[in-house]
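One structure below.
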Amino acid sequence: MIAPKRQRGYCKVMALSHDQVHPQPGAAPQGALTVLGLESSCDDTAAAVLRRHGDGRIEVLAEAVVGQNSAHAPFGGVVPEIAARAHAERMDGLAAGVLNEAGLSPFDLDGVAATAGPGLIGGVMAALMTAKGIALGASLPLLAVNHLEGHALSPRLTHALAFPYLLLLVSGGHTQLVIVEGVGRMTRLGSTLDDAAGEAFDKTAKVMGLGFPGGPAVERFAQDAEAPDRFPLPMMLARDASCNFSFAGLKTAARRHWDGLDAPNDQDRADLAASMQAAIARHLAQRAGRAMGIFKSRFEALDSLLPLVAAGGVASNTAVREALQAEAQHHGFELIAPPLKYCTDNAAMIALAGAERLALGLTDGLDAAARPRWPLDQDAAAHDPASGSGRKGPKA
Ligand code: KG4
Ligand code: ZN
């Protein structure tokens with residue numbers, strides 16, 4: 001049991017400010033910071049309590065995630081209204097549960113972090129409003145976290161990873177390559193022009209009747225493939241020299257193969273799943289290879305093995321990891337993949353992003369808005385806006 005803290009002056013001022021507070025080196029709190037993180041931007045309701053020690057060491061004190069797969073499975077995808085209701089029903093109980101498990105009360109915290117976007121707006125509001133309530137009630141600073149920044153920092157939950165590193169964020173809503181140089185300092189090298197990689201998995205799985213979520217089902221079926229090259233799929237953006245991605249053509253080609261089959265059976269499913277998985281893995285690795293070249297030329301002075309971090313649900317796919325591993329080795333990079341529970345949506349990564357922001361004095365007012373769209377790299381998004389319309393909004 002940790003004794004409640006008495007000094008609350010700093011927090012009170014921050015919590016009641018309605019303006020974004022800019023970093024003030026003198027104002028940032030010193031020593032260990034304990035932060036509650038809340039996440040509800042897609043179909044996982046999650047809460048975590050994390051301590052960032054004064055030396056930067058990270059300790060997850062308690063964490064919980066509740067998925068909604070069975071609620072969305074009949075529809076073959078996430079239904080925003082169902083997701084929002086489920087988040088609203090569970091968020092406060094989950095927050096109380098992790099605090100209880102950590103042996104803490106809200107008054108023991110130094111801050112409350114919540115995903116404020118991008119994501120399904122009804123869901124995002126569940127975490128953000130709960131966080132605002134706790135922040136107001138316990139006079140704590142609020143940290144309105146970009147979900148993508150959470151994913152970008154997630155490898156630091158388990159690895160003592162120094163900046164800069166190259167990040168491939170590859171999930172159901174996002175596919176992008178980003179140089180991460182620090183908290184709030186991210187440069188996007190490329191992003192998907194249409195679907196996210198996870199969507200390509202999910203939609204192909206739906207066509208073949210494999211259930212939801214589709215990615216793990218495709219991976220399972222692919223293991224039984226007898227002819228993984230049986231269904232030729234196109235090389236996407238073959239003449240494009242950028243780090244962007246495209247998956248819509250792959251998805252359409254897979255559907256055409258499927259529609260062309262007479263009374264398809266499980267062997268057809270397995271072979272098409274393997275072809276699709278290999279095509280997605282190849283495309284991801286090829287574009288990541290290009291980004292590694294750019295990273296290397298930008299950070300010439302770094303002579304150790306350079307880090308390529310693969311985060312997001314699709315990064316848990318073994319074929320994808322193997323393709324990235326081979327490409328990383330070829331370019332002199334080390335592939336770092338967070339453990340599965342931190343690859344997919346979780347609240348520890350939101351608490352971490354919140355704690356890092358709190359340490360820099362970057363807190364938010366209680367008027368922080370829930371944002372359906374919120375690119376990581378505002379400059380890149382302004383100059384090179386993403387196209388397409390995924391379930392999580394911006395794919396860039
Ligand atoms: O990061 P995540 O949990 O949530 C989002 O932010 O989207 O990623 C979920 C996505 C889904 O599209 C799911 O099908 C995909 O990640 N996924 C996988 C695997 N596990 C999850 N895709 C391929 N292979 C997997 N093993
Ligand atoms: Zn995510």
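Within region 166-216, the set of residues being among the charged types (D, E, K, R) and within 15 Å of ligand 1 (Cβ to nearest atom) comprises 194, 195, 199, 202, 203, 206. When 136, 120 are checked against the criterion of being more than 30 Å from residue 304 (Cα to Cα) and out of contact with any Leu (no Cβ under 8 Å at 6 or more places or on another chain), a single residue qualifies: 120. For region 30-71, name all the residues that are out of contact with any strand residue (DSSP E or B) (no Cβ under 9 Å at 6 or more places or on another chain) and either of a type outside the set (Asp, Glu) or within 25 Å of residue 174 (Cα to Cα) (or both). Passing the criteria: 30, 31, 42, 56, 69, 70, 71.
A Cβ distance below 6 Å, combined with a sequence gap of six or more or placement on separate chains, defines the contacts here; from region 30-42, residues that are over 19 Å from residue 341 (Cα atoms) and more than 16 Å from ligand 1 (Cβ to nearest atom) reach residues that are of a type in the set (D, E, K, R) and assigned to a strand (DSSP E or B) in the pairs 32/51; 33/52; 34/51.
Looking at region 68-79, can you tell me whether even one residue there is small (Gly, Ala, Ser) and not in a helix (DSSP H, G or I)? Within region 68-79, one or more residues are small (Gly, Ala, Ser) and not in a helix (DSSP H, G or I). Screening residue 197 with (1) away from ligand 2 (no atom under 16 Å from the Cβ); (2) under 22 Å from residue 343 (Cβ atoms); (3) not basic (Lys, Arg) gives one miss only, at (1). Looking at 135, 127, 95, just one residue is within 16 Å of ligand 1 (Cβ to nearest atom), hydrophobic (A, V, I, L, M, F, W, C) and in contact with a helix residue (DSSP H, G or I) (Cβ under 7 Å, 6 or more places away or on another chain), and that residue is 127. The set of residues in region 35-55 being in contact with a helix residue (DSSP H, G or I) (Cβ under 6 Å, 6 or more places away or on another chain) and among the charged types (D, E, K, R) consists of 39, 43, 52.
Okay, residues lined up against (1) closer than 25 Å to residue 213 by Cα; (2) within 16 Å of ligand 2 (Cβ to nearest atom); (3) modelled with pLDDT of 90 or more; (4) crowded, with 21+ Cβ neighbours inside 10 Å:
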| position | (1), (2), (3), (4) |
| --- | --- |
| 340 | yes, yes, no, no |
| 344 | yes, yes, no, yes |
| 347 | yes, yes, yes, yes |
| 358 | no, no, yes, yes |
| 365 | no, no, yes, no |
| 372 | yes, yes, yes, no |
| 384 | no, no, no, no |
| 394 | yes, yes, no, yes |
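Of the residues in region 139-155, at least one is of a type in the set (A, V, I, L, M), at pLDDT below 95, away from ligand 1 (no atom under 13 Å from the Cβ) and under 13 Å from the mean Cα position of the chain (by Cα).
The set of residues in region 183-206 that are β-branched (Val, Ile, Thr) and surrounded by 20 or more Cβ atoms within 10 Å (Cβ to Cβ) comprises 192, 204.
Applying a threshold of 6 Å to beta carbon distances and a minimum spacing of six or more residues, or different chains, the list of pairs starting in region 155-177 at a residue that is assigned to a strand (DSSP E or B) and ending at one that is of a type in the set (Ser, Thr, Tyr) reads 175/192; 176/191.
All of (1) within 16 Å of ligand 2 (Cβ to nearest atom); (2) closer than 26 Å to residue 328 by Cβ hold for residue 183 with one exception: (1).
The helices (runs of 4 or more DSSP H) located wholly in region 261-370 that include 3 or more residues which are within 12 Å of ligand 1 (Cβ to nearest atom) occupy 266-298, 318-331, 340-343.
Of the residues making up region 292-335, just one is farther than 19 Å from residue 155 by Cα, in contact (Cβ under 8 Å) with a residue 60 or more places away in the chain and buried (at least 17 other Cβ atoms within 10 Å of the Cβ), namely 319.
Quick check: is even one residue across region 126-144 under 30 Å from residue 207 (Cα atoms), in contact with a Pro (Cβ under 9 Å, 6 or more places away or on another chain) and crowded, with 18+ Cβ neighbours inside 10 Å? Looking through region 126-144, none of the residues is under 30 Å from residue 207 (Cα atoms), in contact with a Pro (Cβ under 9 Å, 6 or more places away or on another chain) and crowded, with 18+ Cβ neighbours inside 10 Å.
The values are calculated or read from the model by the stated rules, or taken from the named source; none is laboratory data. Note that the coordinates shown come from a computational prediction; the quantities given were computed from them, not determined experimentally. Don't worry about glycine lacking a Cβ; one is built from the backbone with ideal geometry, like all the others, and counts go over all protein chains shown.
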